[in-house]
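For reference, the structure is listed below as structure tokens.
The values are calculated or read from the model by the stated rules, or taken from the named source; none is laboratory data. Note that the structure is predicted; figures quoted are calculated from it, not measured. Counting neighbours? That spans all protein chains shown, and the Cβs are built from the backbone with ideal geometry, glycine included. For the accessible areas, the whole protein counts, side chains as well, though only heavy atoms, and no ligand, DNA or RNA atoms are used. Shrake-Rupley method; radii C 1.70, N 1.55, O 1.52, S 1.80 Å.
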Amino acid sequence: MTVDALTDVAGIRVGHATLTGDGRLTGTTVVLAPEGGAVAAVDVRGGGPGTKETDALDPRNVVQRVEAIVLTGGSAYGLDAASGVMEWLEEQGRGVRVGPQPAHVVPVVPAACVFDLGRGGDFRARPGAATGRAAVEAAAANAPGARVPEGCVGAGTGAAVGPMKGGVGSASVLLDSGITVAALVVANAAGSVTDPETGVLYGELFQGRAEYPHASVHEAARRRLAETAAHHAPPPLNTTLAVVATDADLSKAQAQKLAGTAHDGIARAVRPVHLLNDGDTVFAMATGARRLDPGHPLALNDILAAGADMVTRAIVRAVRAAESVDGPGGVWPSYEELYGRR
């Protein structure tokens, strides 16, 4: 049984730690690899990235596998959440062996952040090591194949897409080859996810099953969003983050190609994209459980195309799952409040 989420890749687990109330509107999401780690790579675009340990994922460098990937709110401050994940992994003896004893490990935990500072009202409210530890413990406690909570949770708690509320979304597909490709996205873009003429989600246009809002509904939504945007000047600092995972046996170079093409999925769902106010980052993970068919030389292309498609679907699901926020840090109406549920 599949759950249409990142956890459909066998061995991958996801945990959220959500911080709300008392001026907080932020959190951390951890993607935990199977025991022994997963091949990983990254592709960073946009003018304002906030990342940690991404150089280790370069195919030219020594690290081959990672135990976890951290997506977090709190801008650069929030990257400290990775420290809590490293601490937990060390206690489990998971990481790169660097000494004669099994406990002599250094967990490699790449991380990337979104900007959500002050969106709950307190600029100093941000994730730290304890938040990261809570998220990885939540991931480890989840059963294999567990559903992934979406919307305003984890790293998507304070996310926004332009003047609209963003969040976390996930999606997966089983290819004809038997290989699974899935994505988890934190939608927090400076650009828009809706067509300004109709209000339809860009990502749903690419999926070929868009439902167009009534003109009067769209006009009311446009007025509401214009009023909201005026209260958020200057334009917000943002960033869309994604993890694309597969059970295919990929090299680091192939995983890096997957991370790169997956950015196409963001470009289909957000316009404009990869701006100076964004730090769009896509990680790729490959567990290696299924070998590519040597008799099918284009098998990798199927995985690359699916990665981009799943990112688009995950962004749509993040926006549709998000809930409106009206608090001391600002007002972000949700897409469902503005346009209604399908």
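Inspect segment 95-103 for any residue being closer than 27 Å to residue 255 by Cα, in contact (Cβ under 8 Å) with a residue 24 or more places away in the chain and among the aliphatic types (A, V, I, L, M) and give the result as yes or no. There is at least one residue in segment 95-103 that is closer than 27 Å to residue 255 by Cα, in contact (Cβ under 8 Å) with a residue 24 or more places away in the chain and among the aliphatic types (A, V, I, L, M). Annotation note: Cβ proximity below 7 Å between a residue of segment 239-264 that is over 23 Å from residue 158 (Cα atoms) and a residue that is surrounded by fewer than 24 Cβ atoms within 10 Å (Cβ to Cβ) and of a type in the set (Lys, Arg) (sequence gap 6+ or interchain) occurs for 247/290; 248/290; 249/290; 249/291.
Quick one: which of 289, 318 is at pLDDT 95 or above, buried (at least 17 other Cβ atoms within 10 Å of the Cβ) and within 27 Å of residue 179 (Cα to Cα)?
On the way: 289 fails: buried (at least 17 other Cβ atoms within 10 Å of the Cβ).
Result: 318 is the single residue among 289, 318 that is at pLDDT 95 or above, buried (at least 17 other Cβ atoms within 10 Å of the Cβ) and within 27 Å of residue 179 (Cα to Cα).
Of the residues making up segment 232-262, just one is farther than 24 Å from residue 47 by Cβ and in contact with a Gly (Cβ under 7 Å, 6 or more places away or on another chain), namely 249.
Test residue 275 against the criterion of being open to solvent by less than 40 Å² (accessible area, probe 1.4 Å) and not β-branched (Val, Ile, Thr), and give yes or no.
Details: open to solvent by less than 40 Å² (accessible area, probe 1.4 Å): no; not β-branched (Val, Ile, Thr): yes.
The answer is no for residue 275.
Of the residues making up segment 1-45, those that are within 19 Å of residue 77 (Cα to Cα) and assigned to a loop (DSSP other than H, G, I, E, B) are 22, 23. Here residue 196 fulfils each of the conditions (1) open to solvent by 30 Å² or more (accessible area, probe 1.4 Å); (2) in contact (Cβ under 8 Å) with a residue 60 or more places away in the chain apart from (2). Quick check on my filter: what residues within segment 116-156 are within 17 Å of the chain's Cα centre (by Cα) and charged (D, E, K, R)? Correct list: 116, 147, 150. Being of a type in the set (A, V, I, L, M), in contact with a strand residue (DSSP E or B) (Cβ under 6 Å, 6 or more places away or on another chain), modelled with pLDDT under 95 and on the phi < 0 side of the Ramachandran plot holds for only one residue in 112, 143, 125, 189, and it is 189. The residue pairs whose first member lies in segment 1-29 and is more than 30 Å from residue 248 (Cβ to Cβ), whose second member is open to solvent by less than 40 Å² (accessible area, probe 1.4 Å) and charged (D, E, K, R), and whose beta carbons are closer than 6 Å, counting only pairs six or more residues apart or on different chains, are 25/119; 26/116. Looking only at residues in segment 282-316 that are of a type in the set (Lys, Arg) and over 15 Å from residue 244 (Cα atoms), the one that is nearest to the chain's Cα centre (by Cα) is 290. Screening 233, 220, 229, 215 for residues that are over 25 Å from the mean Cα position of the chain (by Cα) and modelled with pLDDT under 85 leaves exactly one candidate, 233. Condition first: open to solvent by 20 Å² or more (accessible area, probe 1.4 Å) and within 16 Å of the chain's Cα centre (by Cα). Now tell me which residues in segment 321-342 satisfy that. Listed by number, the list holds a single entry, 321. The single residue among 147, 60 that is under 22 Å from residue 311 (Cβ atoms), surrounded by fewer than 16 Cβ atoms within 10 Å (Cβ to Cβ) and among the charged types (D, E, K, R) turns out to be 147.
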